[in-house]
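The values are calculated or read from the model by the stated rules, or taken from the named source; none is laboratory data. Remember, it's a predicted structure, so these values are computed and weren't measured experimentally. Quick reminder, even Gly has a Cβ in these numbers, built from the backbone with ideal geometry, and neighbours come from all protein chains shown. For accessibility, only protein heavy atoms count, side chains too; no ligands or nucleic acids. Shrake-Rupley method; radii C 1.70, N 1.55, O 1.52, S 1.80 Å.
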Amino acid sequence: MRPEIRILIADDQAMVREALRSVLDQEADLVVVGQACNGVEAIEQVALLLPHILLLDLIMPRLSGMEVLRRFSKNHAEVRTIILNDITPNSRIVGALRLGARGVVPKHTTPEMLFKGIRAVAAGGYWIGHENMQALIESLRAEPAAEIDGARSRDLRLTPAEQKVVAAITAGQTNKEIAQHCSISEHTVKHHLTRIFEKVGVSDRLELALYAMQNLDERGD
């Protein structure tokens, strides 16, 4: 039997909240413990109900989803947030990931993908639906590559070469592009990635990119 996952749904549209509850009620391990119709209520309900997962719409009254994430970065770090995406700009999604969101699911996704996303994030991973993947990578590529914050780099003991690889991954570059940019072989790039995954504690490029985004200085929304 799967362990119970407590879920709070925060969306200003009652029909969306009820539809999600109806879908999630199909799974015995996914338990909807509450709902919130605005950002202020979302923060209050998280403190009161202590959910494992917060399904969060970024566009809400009283307090935006982005501001909710900012406040969670200081408090309630134990709740893992999945963004409910509808027509949210890609730049806003990237900003939400930097602020600590662990996943993104489209509001029109299938129940199976919603279940997988919630379970993946509850288990400590990340989840980016296939519908968002290409757009997210393109958005990342549109931003300049950035170095990891110095203090965090020293804590992880990343070498200068490894820092360059992480910055390139965050910018959405392929192994071939990284090799060309750094004047090294693709084999060396793979070696660096293996070492970086071990040091950071991630298992793939997506997790590494999201980790780097969350640990870089914010550039704003």
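For region 22-119, the square roots a ≥ b ≥ c of the C-alpha gyration tensor eigenvalues yield an a/c of 1.5 or more together with a/b not exceeding b/c, which makes the shape oblate.
Using the Cβ of Met1 as centre and a radius below 13 Å, the other residues enclosed give a net charge of -2, where K and R count +1 and D and E count -1. Among the trypsin sites (Lys or Arg not before Pro) in region 1-77, those located in a DSSP loop and surrounded by at most 10 other Cβ atoms within 10 Å of their own Cβ are Lys74. Residue order by solvent-accessible surface for Lys190, Lys199 is Lys190, Lys199, largest first, with ligands and nucleic acids left out and a 1.4 Å probe. Quick one: net charge of Arg119's neighbours, Cβ under 14 Å, K/R +1, D/E -1? Value of the local net charge: +1.
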